[in-house]
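Participant: Okay, handing you the structure first.
Read-outs throughout are calculated quantities, based only on the coordinates presented, and are distinct from any laboratory measurement. Since the model is a prediction, treat every value here as computed from it, not as a measurement. Positions of Cβ are backbone-derived with ideal geometry, glycine not excepted, and every protein chain shown enters the neighbour counts.
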Amino acid sequence: MDITQTIALTMGVAWASGINLYAAILMLGYLGTTGNIDLPPDLQILTDPMVMLAAGLMYCVEFFADKIPGVDTGWDGLSTFIRIPAGAVLAAGAIGDVGPAAQLAAGIAGGTLATGSHFTKAGTRVLINTSPEPFTNWFASIGEDVAVIAGLWAALYNPVLFIVLLVLFILLMIWLLPKLWRGIKKVFGWIRRLFGGKPEVIPETEHKEPDKPQKT
């Protein structure tokens, strides 16, 4: 692979891991097993049947958990400890055998990108869960799976297009994350008040009548 393909694959696996790690592993493992792509040496383990079986089972669990309001947020919370480290490891493996310094740099960049895509997804889901109907969750979950597959396909077969789209995603993420954080704070504030939390009371300034002059 040339430098453009290497960068696209490195950032692609990190970005996809933050959204749906198991779908990313399954897609790369399948393409590597069928000979459609030549995976870097450190990623060829993804073609192992045991790895693909484990990823497939976890994908099935996530497929259903990701479509239940409230459960998806809990699942995202637990997945924080899996998606982000996995994104860093996959990015370091995708860079190829170019030396430990380059692999470490790829791992740092990949972990950062996986963190951003993960928290963008998780934050969006918290706000979506304020909707009383479940259909929005279903559409969001399916859309995320399609985005992961399409994004990895672009990273593998049209790396220039993927890099352009990734830059646009990063700009959108920088703009969106502060707004998501403010929205999440409002949601959890509402939940706290709903379950008995008392709103903060600002004491009123005491007004005292001026002392009346004494009569002589």
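Participant: If you stretched the chain out fully between residue 149 and residue 45, how much longer would it get, using 0.36 nm times the residue separation minus the C-alpha to C-alpha distance?
Facilitator: So the chain would gain 35.5 nm between residue 149 and residue 45.
Participant: At what distance in angstrom do the alpha carbon centres of the stretch 124-189 and the stretch 1-80 lie from each other?
Facilitator: Between the Cα centre of the stretch 124-189 and that of the stretch 1-80, the gap is 17 Å.
Participant: Right, next: Too long at a 19 Å Cα-Cα cut-off: which of 67/121; 121/179; 67/186?
Facilitator: Pairs exceeding the cut-off: 67/186.
Participant: With unit charges on the beta carbon (Lys/Arg positive, Asp/Glu negative), name the residue among 73, 98, 181 whose Cα is farthest towards the positive pole of the charge dipole of the chain.
Facilitator: 181
Participant: Assigning unit charges at the beta carbon (Lys, Arg +1; Asp, Glu -1) and nothing else, what dipole magnitude in debye, to the nearest 20, does the chain show about its Cα centre?
Facilitator: 1060 debye
Participant: Can you give me the relative contact order of the stretch 3-194 as a percent, contacts being Cα pairs under 8 Å and 6 or more apart?
Facilitator: Worked out over the stretch 3-194, it gives 32 percent.
Participant: If you don't mind, there's one more thing I want to ask. Match the structure shown to one of the listed values (i) 106, 38, 27; (ii) 44, 44, 30; (iii) 62, 38, 27 of Cα extents along the principal axes in Å, computed from it, and give that label.
Facilitator: (i)
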